[in-house]
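For reference, the structure is listed below as structure tokens.
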Amino acid sequence: MLKTIAIVVVVAILTVLIYAATLPNSLHIERSIKIKAAPQKIFALINDFHRWEEWTPYNKDQAMKKTYSGSADGTGARYAWEGNKEVGKGEITIIESASPSRIALDLHMIEPFEARNHVVFALKAEGDSTTVSWIMEGAQTYFVKVMGVFFNMDKMVGKDFEAGLARLKALAEK
């Protein structure tokens with residue numbers, strides 16, 4: 001009986017590991033929202049990390065240590081944080097700032113696990129509104145692919161993007 005249970009457990013683990021190996025090597029998460037505001041107004045809220053306090057969904061730790069460095073805003077601006085297990089530790093740097101249509105960032109997560117992702121905010125004027133897309137792309141390590149067997153990263157991160165975009169919309173439409 002014990003031998004049968006051990007075989008079932010080993011087969012289950014191997015199945016998960018083999019399935020994880022078949023998952024894509026890249027990650028793409030994207031959410032968009034239409035905001036009734038000019039792209040320049042929205043761009044200013046994204047292009048300055050100090051303004052993120054007003055709309056980011058990632059301020060989940062009131063005691064989080066935040067450090068700003070580099071440029072005040074735009075290319076070269078850098079924001080680092082360290083907090084509880086829910087927010088972890090990381091840094092994000094604006095690597096491209098093309099007003100009023102695009103902001104590209106380098107996201108480096110350090111804790112709870114190491115990851116590097118490319119983040120883009122794309123703004124497209126449409127009449128009296130702007131469509132804002134929040135996009136994150138990066139390589140999926142084998143560890144992340146194994147996690148992906150149990151957790152849907154698109155849904156997990158996507159819900160945060162949706163919450164942040166909704167807050168950005170409320171702020172920009174004031």
**Prompt:** In segment 64-102, which trypsin sites (Lys or Arg not before Pro) are in a loop and have at most 15 other Cβ atoms within 10 Å, using DSSP for the loop call?
**Reply:** K85
**Message:** Students often forget the sequence filter, so: which lysines lie under 27 Å Cα-Cα from K41 once same-chain residues fewer than 8 apart are removed?
**Reply:** K60, K66, K124, K159, K169, K174
**Listed residues V10, Y58, I103: farthest to the positive end of the dipole of segment 2-142 (Cβ charges)** = V10
**Prompt:** Long-range amide H contacts for G88: which residues qualify at under 5 Å (H placed 1.01 Å from N, peptide plane, sequence gap of 5 or more or a different chain)?
**Reply:** G83
**Message:** I'd like the FRET efficiency for T141 and Q40, computed as 1/(1 + (r/R0)^6) with the beta carbon distance as r and R0 of 30 Å, rounded to 0.05.
**Reply:** 0.20
**Request:** Per DSSP H run of n ≥ 4, the term is -39500 (n - 2.57); total these for the chain, divide by its residue number, and report the mean residue ellipticity at 222 nm rounded to 500 deg cm²/dmol.
**Result:** -11000 deg cm²/dmol
**Message:** Explain nothing, just the number: dipole magnitude of segment 64-116 about its Cα centre with +1 on each Lys and Arg Cβ and -1 on each Asp and Glu Cβ, in debye rounded to the nearest 20.
**Reply:** 80 debye
**Message:** Can you find, among A44, F150, G90, the residue sitting farthest towards the positive end of the charge dipole of the chain, where Lys and Arg contribute +1 and Asp and Glu -1 at Cβ?
**Reply:** F150
**Request:** Return the sequence-ordered ³J(HN,Hα) values of segment 159-167 in whole Hz as given by the Karplus equation 6.51 cos²θ - 1.76 cosθ + 1.60 applied to θ = phi - 60°, using x for Gly and Pro.
**Result:** 5, 5, 4, 4, 5, x, 5, 5, 5
**Message:** Quick check: the distance between the Cα centres of segment 99-174 and segment 28-86, to the nearest angstrom?
**Reply:** 11 Å
**Message:** For Q140, what residues show an amide H to amide H distance below 5 Å, using hydrogens built from the backbone and excluding near sequence neighbours?
**Reply:** S26, L27
**Prompt:** Given charges of +1 on the Cβ of Lys and Arg and -1 on the Cβ of Asp and Glu, with all other atoms neutral, how large is the dipole of segment 2-172 about its Cα centre, in debye to the nearest 20?
**Reply:** 320 debye
**Residue-by-residue Karplus 3J(HN,Hα) for segment 127-134, coefficients 6.51, -1.76, 1.60, Hz, glycine and proline x** = x, 8, 10, 9, 8, 10, 10, 10
**Complete:** On the formula 1/(1 + (r/R0)^6), with r taken between the Cβ atoms of S71 and N25 and R0 of 35 Å, the FRET efficiency rounded to 0.05 is 0.60
**Prompt:** Which of V10, V119, V132, V16 comes first, and how do the rest follow, when ranked by fewest Cβ neighbours within 10 Å?
**Reply:** V10, V16, V119, V132
**Prompt:** In whole Hz, what ³J(HN,Hα) sequence does segment 147-156 give by Karplus (6.51, -1.76, 1.60; θ = phi - 60°), x for Gly and Pro?
**Reply:** 4, x, 5, 9, 10, 7, 4, 4, 6, 5
**Message:** Taking R0 as 25 Å, what FRET efficiency do you get between V149 and E86 from their Cβ-Cβ distance, rounded to the nearest 0.05?
**Reply:** 0.65
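Throughout, read-outs are computed from the coordinates displayed, never taken from laboratory work. Here the structure is a predicted model, which means the values were calculated and not measured. Cβ: placed from backbone, ideal geometry, glycine included. Neighbour counts: every protein chain shown.
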